[in-house]
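Report on the structure given below.
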Amino acid sequence: MILQALTEHYETLAAQGKVDVLGWGKAKISYALCIRDDGGLERVLFLKQVPANGKKDPVPQLISLPAAVKRTVGIMPNFLWDNSSYLLGVDDKGKPQRSVKCFEACRELHREILGDVDSPAARAVLAFFERWEPSKAQEHPALAEYWADLTASANLVFRWQDSYVHEDPQVRQAWQAHYGSDGDGPEMACLVTGRKGPAELVHPAIKGVAGAQPSGAALVSFNAPAFCSYGHEQNLNAPVGKYAAFAYTTALNALLADREHVNRIGETTVLFWAKSGRSAFQNLFAGALFGAKTPYSVGDLAGMVEKLCKGEAVTFDETRLDPNGTFYVLGLAPNAARLSVRFFLRDSFGNFLSNLQNHQKRLEIVRPSYDQFEQIPVWSLLSETVNQNSRDKSPSEILTGEMLYAVLTDTRYPATLLNGVVLRIRAEHKITRGRAAILKAYYLKNPHPDVPKEVLQVSLNPDCHDPAYVLGRLFSVLEAIQSAANPDINATIVDKYLNSASATPSRIFPMLMNLARKHLRKLETGKKVFYDKQLTALLGLLEDSYPDRLSLPQQGSFQLGYYHQTQARYQKKEEKKDV
């Protein structure tokens, strides 16, 4: 399913001219070897460019070249481009004999492909390989200026008479014929296209997944007997033809190279695309799910999402978005030399947005004035489960995948989300907007009899008589009394008693009430009367009794009551200032 969707996406991008055709791919090139008709090296052309992102150091150019081979530990040359080991027979790795073998293998490849090509450019390349002597490379004046970088890891390409050799029509035709006929596996039916042909034993590398090997990782790979069956080795266990292998890897690499639409949450790299190949779908989705910047205000974006959820088409960034169009979301994580698929989802664009909208509605909760997020993005929610003072601030890989799956499919939230939030509240004695929103959303989607809907409101519900919720409100009032009596206090009752008060109220609240009476004596009459009324009202709802213990869900009600009451107090202060 994943490979089929990616292959379809490749065909869409290829029709739009956004990706290379079969047998070609982008490579980072630093230098060009300019050769004469007789194969002599005339000069070395510096191809690196200063990037547009403001960095001063020049970087290699991305050039469309014959597709790269998938290297393991063996010697495998690329056609018309490669590093100095293959094109010059020298490098700085300290293994001159191996470098010479690389050069000889590269020479044989070019003889095989270009031997019958009637083209001056092809003859010049063959002449270069015939006359070049790796042992004398360091003495050549054309290499002196860039020797250190050339022999490190830079990629080189051939240039003849002010044009690249790979641009020659006859050379390109020879490469296409070679690439199309070359197969390293037996004839088998491709699981993606259904067509018979040579199965690819090793698929092209996937580059750009955060945490994976820089040289690339494999999405499909079998490299141990435990992974094989019926005597099949390597990728013959799941045969994929040359075309499909090239197509799905090209599409996936194109998605990963589009940094504007690649999002990372923890160790998971999230990709998304529309079957139509239009980037406007990705732009709106990124703004709705990850809070990415769009040309529209939050209100306008919300209005578009609302219409799409109702099945109405909208115009976004001069593109008509059809809510019934097919949309994909893929989550990848590194796993040694391979990639793990955290999730792969396929649905209509409108359904994805509808599920996301339901999630955001469940998260709605009173917002502190300093919080600039009108809607809480997923990455911010997951950060609420992590100690922000630790060195590694990444959320759990498993939780990330489960959470995104739950949000995009509108299914129950994972229990690990609730556990992570509860642990952070207990450790930090702090109930943030994000944590309160998670508690509210979790119990709305995962109902529990100990957490009634009267508790799960956007703001304070003074009519709620749930004991745990009322205790949370009472705890907030007691904190306010303490802060009013001792404005410069360093540690409040929240720092000392939040956990125990929410778990064993009958043991803690009598002590806190005695402490509050002492604090009330310090206050002026007006404030004393104000807080006395609040205490009397809340104690009346409790009928002067405190539960011995509160379950975990009841503690969630307590924490929501505390958060709602605290935010109501702060909002009143801000209203007085505005007046």
Does at least one position in region 23-44 carry a residue that is under 29 Å from residue 244 (Cα atoms), open to solvent by less than 80 Å² (accessible area, probe 1.4 Å) and of a type in the set (Ser, Thr, Tyr)?
no
Pick from 454, 374, 397, 428: which is in contact with an Asp or Glu (Cβ under 7 Å, 6 or more places away or on another chain), surrounded by fewer than 17 Cβ atoms within 10 Å (Cβ to Cβ) and either touching a residue at least 60 places away in the same chain (Cβ under 8 Å) or not aliphatic (A, V, I, L, M) (or both)?
454
Need pairs with beta-carbon distance below 9 Å; first residue farther than 16 Å from residue 444 by Cα and within region 402-416, second buried (at least 18 other Cβ atoms within 10 Å of the Cβ) and basic (Lys, Arg); sequence gap 6+ or separate chains.
402/342; 404/342; 405/342
Please state which of the following conditions residue 337 fails to meet, knowing it meets all the rest: (1) surrounded by fewer than 16 Cβ atoms within 10 Å (Cβ to Cβ); (2) more than 30 Å from residue 206 (Cβ to Cβ).
(2)
Could you list, in sequence order, all residues of region 256-285 that are closer than 18 Å to residue 347 by Cβ, part of a strand (DSSP E or B) and either in contact with an Asp or Glu (Cβ under 8 Å, 6 or more places away or on another chain) or among the β-branched types (Val, Ile, Thr) (or both)?
270
Hand me the list of helices (runs of 4 or more DSSP H) wholly inside region 68-161 holding 1 or more residues that are over 39 Å from the mean Cα position of the chain (by Cα).
96-114, 120-131
Note on residue 442: of the conditions (1) in a loop (DSSP other than H, G, I, E, B); (2) modelled with pLDDT of 95 or more, unmet is (1)
Can you confirm whether residue 116 is open to solvent by 30 Å² or more (accessible area, probe 1.4 Å) and more than 20 Å from residue 170 (Cα to Cα)?
no
Would you please list the contacts, defined by Cβ atoms under 6 Å and residues six or more apart or on different chains, that run from a residue in region 67-78 that is at pLDDT 90 or above to a residue that is in a loop (DSSP other than H, G, I, E, B) and among the small types (Gly, Ala, Ser)?
78/68
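The values are calculated or read from the model by the stated rules, or taken from the named source; none is laboratory data. Because the structure is predicted, anything quoted here is derived from the model rather than measured. Reconstructed Cβ throughout: ideal geometry from the backbone, glycine too, with neighbour counts over all protein chains shown. When the accessible area is computed, the model is the full protein with side chains, heavy atoms only, and any ligands, DNA or RNA have been set aside. Shrake-Rupley method; radii C 1.70, N 1.55, O 1.52, S 1.80 Å.
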